[in-house]
Amino acid sequence: GQRHCRPGVVCRRGLAQGPPSLGESRGGNSVPGNGLQPCLLWSCLEQLTHELRPEVEACLKRRDELQAQIDAFYERSRAAGADPTAPEMRPQCRAFLKEIGYLEPDRGQ
């Protein structure tokens, strides 16, 4: 979509899409009281989205990998006749989650 920041200037929202009313009310400010014009908001949001996209996609891929390992652990536990949600299984579950990198030591930060 396109937005006009001022007459003759077109603001392309590109990847950053939102409801048409966003930024059009309250004197053209995107968030009342901050002085930020819609064009700048959408431009910055698009740049940020572009910059962070590879990292977000890598995190989502890692999350999917971890979830697949966790699901397989639960399936193996149930197939062996164990209830992975039982309190007595907590130490084994915790060890497994550490082993796959889901749980990490507290670094105190």
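Read-outs: derived from the displayed coordinates by stated rules, not from any lab. The model shown is predicted, which means the values in this text are computed figures rather than measured ones. Neighbour counts are summed over all protein chains in view; Cβ atoms, including those assigned to glycine, are modelled from backbone coordinates with ideal geometry.
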For this session: Identify the trypsin sites (Lys or Arg not before Pro) of segment 68-109 meeting these criteria: DSSP loop state and at most 11 other C-beta atoms within 10 Å of the C-beta.
Result: ARG107
Exercise. Among residues other than ARG53 whose Cβ falls under 14 Å from its Cβ, what is the net charge (Lys/Arg +1, Asp/Glu -1)?
Worked result: -3
